[in-house]
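Undergrad: Handing you this structure, nothing more for now.
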Amino acid sequence: MKPAPFAYERARSLDHAIELMGVEDARLLAGGQSLIATLNMRLSRPQLIVDINRVPGLDRIALSNGQIEIGALVRYAQGERSAEIATHAPLIAKALPFIGHPAIRNRGTIGGSIAFGDPAAELPACFVALDGEAVMAGPSGTRVVKADAFYKGLFESALTTRDVLTAIRIPAATGETRTGFAELARRHGDYAMVGLAATARAAGKALGDVRLVFFGVGTTPVRVRAAEAALAAGDIDAAVKAVAIDLDPPDDVQARGAVKRQLAGVLLQRVARQLMGEEA
Amino acid sequence: MSERFHDITLTVNGEDVRERVDARKTLVDFLREDLSLTGSHVGCEHGVCGACTVRVDGVVVRGCLMLAVQCDGARVETIEGVSDQGEIADLQTAFETRNALQCGYCTPGMLLTAQELLARGGVPSRDEIRAHISGNYCRCTGYQAIVDAVEAVAQSRAGGRR
């Protein structure tokens, strides 16, 4: 199908974008790899598209105060080539190759994925697993929201219709940081049937601060705290059992809920091995 | 006031183009309908099939997931231009000799996507080739021959044996 008619405006600056978003029923256009598909299918029929692709300064990757800040307009392909992301945000580096296909990764943006918040997408789960922060600008200034408080429901986040996500910040990896990532998809690059992003801190032979975040299993990225505690106690079997109890994925186009729950346990075992350093 | 129609200036296959476009028109529809460049195909229109693959500012993109109005000032290349330049003549020959196209609908997208991988140099593994073209559907399902063709060109460009 073809999109319904809309007006288009190219934002010159962040302030200009925020001003334009004051119009009723306006949508921000970043990489467009989800938005334009929904426009084409007429699942979305905004009055105005505000294109932020040429707003300067939103595509930077910078390290400061022990955090790595990734600008909202950093494209997946740019992230894949980034030495800073490889070194300081290894979980993001692991996840990026699983997102879409080369042509999608050339356009899609890290900020767009975080802001859109598709519960089946990789980066929102990574963002929560990394205990990151969202930096957003709106009419009354800049706000910072922690990842645990960012996603509120299906495609619903702390962002209001007037806010522009400008960057995410995540703690830079240290020598003790462990990360794990795995997903199962029918075709490489498709949305996963189920996926898992994880972080932990190595404490001798044990793990501390375990964060396990599944995607494709609910209306938002889903943390499984009982499994996190079991894994921190070194008990993978108990963690798998806890996941089977705590997750109740709905059936969707990718797989039935029971299949997703079963696969979640399989992924947990794989990711636990990554966290424990048995697989680089 | 925000407008629906915009004047855009861009280059398409090296030629200057100036057109007035409706904001809702996708890049692939603009190329096909306004410029009569029908080598780029329209398949799923939501980014899944890869039939609409074109290059914008040197990288492959989905022609259905970019608006023409976004291409103001951009350098757009389609299968027509890339083909005429001779940039992928060896790849096209390999597709032909290895029967890597049947109906041909996916072929322009396959060629441009494969060329992006080949342009990195080296000889990718068959798994890497498959992962790279995973976003391009061939509904004749002739993938084996497509992977053969891409692999052969990678080897010959690297100076190896066929």
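Every read-out reported here was derived from the displayed coordinates using simple, explicitly stated rules and does not represent laboratory data. Here the structure is a predicted model, which is why all the values come from computation and not from measurement. Glycine gets a Cβ as well: all are built from the backbone with ideal geometry, and neighbour counts include every protein chain shown.
Undergrad: Any residue in region B:11-26 that is part of a strand (DSSP E or B) sitting within a Cβ distance under 9 Å of a residue that is among the polar types (S, T, N, Q)? List the pairs, counting only those 6 or more apart or interchain.
TA: Partner pairs satisfying both residue conditions: B:Val12/B:Thr78; B:Asp16/B:Thr9; B:Val17/B:Thr9; B:Val17/B:Thr11; B:Arg18/B:Thr9; B:Glu19/B:Thr9; B:Thr26/A:Asn40.
Undergrad: Right, another one. For region B:48-65, give me the residue count where each residue is free of Cβ contacts under 8 Å to residues at least 40 places away in the same chain and either among the aromatic types (Phe, Trp, Tyr) or surrounded by fewer than 24 Cβ atoms within 10 Å (Cβ to Cβ) (or both).
TA: 3
Undergrad: So, one more: I'd like the full set of residues that are small (Gly, Ala, Ser) and either surrounded by 23 or more Cβ atoms within 10 Å (Cβ to Cβ) or touching a strand residue (DSSP E or B) at 6+ places or on another chain (Cβ under 8 Å) (or both), limited to region B:84-121.
TA: If the condition is that a residue be small (Gly, Ala, Ser) and either surrounded by 23 or more Cβ atoms within 10 Å (Cβ to Cβ) or touching a strand residue (DSSP E or B) at 6+ places or on another chain (Cβ under 8 Å) (or both), then B:Ala94, B:Ala100, B:Gly109, B:Ala114 are the ones that fit.
Undergrad: Where in region A:171-280 are there helices (runs of 4 or more DSSP H), lying fully within it, with 3 or more residues that are of a type in the set (A, V, I, L, M) and out of contact with any helix residue (DSSP H, G or I) (no Cβ under 8 Å at 6 or more places or on another chain)?
TA: A:257-275
Undergrad: Quick one: in region A:17-37, of everything that is in a helix (DSSP H, G or I) and within 8 Å of chain B (Cβ to nearest Cβ), which residue is surrounded by the fewest Cβ atoms within 10 Å (Cβ to Cβ)?
TA: Residue satisfying both the conditions and the ranking: A:Ala37.
Undergrad: Something else about it: Is it the case, given these coordinates, that A:Leu14 is within 30 Å of B:Ala114 (Cβ to Cβ) and more than 9 Å from every other protein chain (Cβ to nearest Cβ)?
TA: Criteria not met by A:Leu14.
Undergrad: Being among the β-branched types (Val, Ile, Thr) and within 15 Å of A:Ile61 (Cβ to Cβ) is the filter; apply it to region A:166-175 and report the residue that is surrounded by the fewest Cβ atoms within 10 Å (Cβ to Cβ).
TA: Top of the filtered list is A:Thr166.
Undergrad: From the list A:Gly234, A:Gly218, A:Gly277, which one is touching a residue at least 60 places away in the same chain (Cβ under 8 Å) and more than 23 Å from the chain's Cα centre (by Cα)?
TA: Of A:Gly234, A:Gly218, A:Gly277, the one residue that is touching a residue at least 60 places away in the same chain (Cβ under 8 Å) and more than 23 Å from the chain's Cα centre (by Cα) is A:Gly277.
Undergrad: Name the residues in region A:176-210 that are under 14 Å from A:Leu91 (Cα atoms), surrounded by fewer than 20 Cβ atoms within 10 Å (Cβ to Cβ) and in contact (Cβ under 8 Å) with a residue 60 or more places away in the chain, would you?
TA: Correct list: A:Thr177 only.
Undergrad: Can you tell me which residues in region A:60-107 are more than 14 Å from chain B (Cβ to nearest Cβ), within 23 Å of A:Gly32 (Cα to Cα) and not in a helix (DSSP H, G or I)?
TA: Scanning region A:60-107 gives A:Arg60, A:Ile61, A:Glu69, A:Ile70, A:Gly71, A:Ala72, A:Val74, A:Ser82.
Undergrad: If you take the residues in region B:125-136 that are facing another protein chain (nearest Cβ under 10 Å) and not in a loop (DSSP other than H, G, I, E, B), which one is farthest from B:Arg55 (Cα to Cα)?
TA: B:Asp127
Undergrad: Another question, if that's okay. Quick check: anything in region A:144-161 crowded, with 23+ Cβ neighbours inside 10 Å and within 14 Å of chain B (Cβ to nearest Cβ)?
TA: no
Undergrad: Could you tell me which residue of region A:1-11 is farthest from the other protein chains (Cβ to nearest Cβ), considering only residues that are not in a loop (DSSP other than H, G, I, E, B) and not small (Gly, Ala, Ser)?
TA: Only one residue fits best here, namely A:Arg10.
Undergrad: Within region A:47-59, identify whether any single residue is more than 11 Å from every other protein chain (Cβ to nearest Cβ), of a type outside the set (Val, Ile, Thr), crowded, with 17+ Cβ neighbours inside 10 Å and within 29 Å of A:Leu96 (Cα to Cα), and answer yes or no.
TA: Yes, because at least one residue in region A:47-59 is more than 11 Å from every other protein chain (Cβ to nearest Cβ), of a type outside the set (Val, Ile, Thr), crowded, with 17+ Cβ neighbours inside 10 Å and within 29 Å of A:Leu96 (Cα to Cα).
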